[in-house]
Amino acid sequence: MMTDAEIFDDIKAFIEDKGLKGQGTIESDTPLLEWGILDSLTLARLTAHVEARYGIAVPSGVSFGERFRDLKSIVEFIVELQAGAGSTGGLG
């Protein structure tokens with residue numbers, strides 16, 4: 001399993017490549033949705049990347065405004081989903 005720092009670096013690189021098209025950098029608290037860095041297409045690509053790369057499913061009905069607000073919240077969300085996927089029994 002990747003560390004939080006590795007997840008951070010991976011997601012940061014993905015967003016800078018796909019959202020900013022290599023034309024800038026973001027910080028952990030950059031407001032990605034508010035600044036239009038993540039639009040609907042980039043958000044869909046990011047969701048697909050997260051699901052494929054981390055072997056987790058992003059639940060339908062997730063609050064993108066809360067969970068994809070900035071890099072920090074995205075990393076926390078991925079870690080949370082990974083922890084849920086690793087649990088056995090119950091509602092994961």
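The values are calculated or read from the model by the stated rules, or taken from the named source; none is laboratory data. Treat the numbers as computed from the prediction; the structure is a model and nothing was measured. Positions of Cβ are backbone-derived with ideal geometry, glycine not excepted, and every protein chain shown enters the neighbour counts. To get the accessible areas, we keep the full protein, side chains included, count just its heavy atoms, and leave off ligands, DNA and RNA. Shrake-Rupley method; radii C 1.70, N 1.55, O 1.52, S 1.80 Å.
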- The equivalent-ellipsoid semi-axes of the chain, taken as the square roots of five times the Cα gyration tensor eigenvalues and listed largest first in whole Å, are 23, 14, 11
- Magnitude of the charge dipole, the chain, Cβ model with Lys/Arg +1 and Asp/Glu -1, debye to 20: 280 debye
- Note on the structure: The farthest towards the positive end of the charge dipole of the chain, of the residues I56, T25, M1, given +1 on Cβ of Lys and Arg and -1 on Cβ of Asp and Glu, is I56
- Mean accessible surface per residue for the stretch 1-54, computed with a 1.4 Å probe while every protein chain stays in place, in Å²: 60 Å²
- Task: Could you please state how large a percent of the accessible area of the chain is carbon and sulfur, counting protein chains only and using a 1.4 Å probe?
- Result: 52 percent
- Which of the chymotrypsin sites (Phe, Trp or Tyr not before Pro) found in the stretch 13-92 are in a DSSP loop and have at most 12 neighbouring Cβ atoms, other than their own, within 10 Å? W35
